[in-house]
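**Student:** Supplied in structure tokens, the structure appears directly below.
Readers should treat all values here as calculations from the given coordinates under stated rules, not as data from a laboratory. Not measured: the values here are computed from a predicted model. A quick note on method: Cβ atoms are made from the backbone with ideal geometry, for glycine too, and the neighbour counts reach across all protein chains shown.
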Amino acid sequence: MSMLEFENVEVFYGKIQALRGMSIRVEEGEIVSLLGNNGAGKTTTLSTASAIVKAHSGRISFAGSDITRAKPWEVVAGGLIHVPEGRRIFSTLTVAENLQLGGYLVKDRGAVAKRMKEVYEMLPLLAERRSQQGGTLSGGEQQMLAIGRALIAGPRMLMLDEPSMGLAPLIVAQVMEVIKDVNANGTTVLLVEQNARAALKITSRGYVIEGGATTMTGTGPELLADSRIVEAYLGA
Ligand code: ATP
């Protein structure tokens, strides 16, 4: 089943056109990566799926429903959760409080408690630091917290924007492992990364985005081996 699909989506910021006929498809169970230079339209793609930014034309569907004109909270309630660039941890709240916030739209408090337990099992470093203020965590730990918080909402699909931003290579690898684990536990993933090499290692399929549309697609291994990708994004 197709989990998320963009068909010919156009997005404008005033007179600036950010998406020009964007068409992508994420199948259930996949990790799909969007690669591309600054300004290519990767973040806009995620924000449009989240309904933070409105599509001018085209169609977006999620798990079989048309969400082109949905409201942001309807998208979240449907199970599509966005982890934005920059993590947006509440620095004066504790790790536990940050996680709890991920479940604020979830009516079933039992489900939230169960997911808190699951997140602590999956990310033991968050369990150890549950009473510590979010702002005192390292960059990598804050990224784990942002992912953990998104999991409390019970997503069918996670969209992650630049999770490796500003992290040391060893920590980037750890974050990628966590994303792989989240996916192995049944969550479909759409990943935006400047760090193409790290992303492609865990990617089922990737798209190259240029000028607001896709210009190339392939499996992770295909893209890692493609000379055009190596030259443009992997620093040959
Ligand atoms: P980056 O990695 O730098 O975030 P990106 O591929 O995610 O790049 P977008 O942020 O989606 O690219 O930007 C796509 C285009 O839309 C760019 O030309 C950008 O300048 C423009 N843009 C993005 N956000 C806005 C905004 N709020 N107002 C006006 N123009 C915007």
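**Student:** Please state the charge dipole magnitude for segment 2-234, taken about the Cα centre, from unit charges on C-beta atoms (+1 on K and R, -1 on D and E), reported in debye and rounded to the nearest 20. Each step should come with its number before you reach the end.
**Tutor:** On the way: 24 positive and 24 negative charges, 121 e Å.
The dipole of segment 2-234 has a size of about 580 debye.
**Student:** Same structure, new question: Between I16 and N38, what is the label-to-label distance in nm when each label sits 7 Å out along the Cα-to-Cβ direction?
**Tutor:** Going from the I16 label point to the N38 one covers 1.2 nm.
**Student:** So, counting K/R as plus one and D/E as minus one, what does the shell of residues with Cβ under 11 Å around T68 add up to? Let's see the in-between values first.
**Tutor:** Values: positive: K54, R59, R69; negative: E5, E7, D66.
That sum, taken over residues with Cβ under 11 Å, equals 0.
**Student:** Dimensions of segment 63-154 along principal axes (Cα, Å, largest first)?
**Tutor:** Over segment 63-154, Cα extents along the principal axes are 40, 29, 20 Å.
**Student:** Mind checking which helices in the chain clear 18 Å along their axis (Cα) and have mean Kyte-Doolittle hydropathy of -1.0 or more, DSSP H runs only? Kindly include the intermediate steps, with their values, before the conclusion.
**Tutor:** On the way: long enough: 109-122 (20 Å, -0.69); 139-152 (20 Å, 0.42); 169-184 (22 Å, 0.98).
Answer set is 109-122, 139-152, 169-184.
**Student:** Still on this structure, I have one more. Over all distinct alpha-carbon pairs, what is the Kirkwood Rh of segment 143-182 in angstrom?
**Tutor:** Numbers: mean 1/r = 0.0944 Å⁻¹.
Taking the inverse mean of 1/r over all distinct Cα pairs, segment 143-182 comes out at 10.6 Å.
**Student:** Hey, if you drop one equal point scatterer on each alpha-carbon of the chain and run the Debye formula without solvent, what base-10 log of I(q)/I(0) do you get at q = 0.07, 0.16, 0.18 Å⁻¹?
**Tutor:** -0.21, -1.14, -1.39
**Student:** At what distance in angstrom do the alpha carbon centres of segment 161-177 and segment 43-113 lie from each other?
**Tutor:** 22 Å
**Student:** Among E28, E74, E141, which one moves the most in a GNM of the chain with springs linking Cα atoms closer than 10 Å?
**Tutor:** Of the options given, E74 has the highest mean-square fluctuation.
**Student:** Oh, and also: I want to make sure I understand the PRE zone here: with the label point 7 angstrom from the Cα of A173 toward its beta carbon, which residues in segment 185-211 have backbone N atoms less than 17 Å away?
**Tutor:** 195-203
**Student:** Hey, could you pull the Cα Rg and Dmax for segment 111-236, both in Å?
**Tutor:** So, for segment 111-236, Rg and Dmax equal 15.9, 48 Å respectively.
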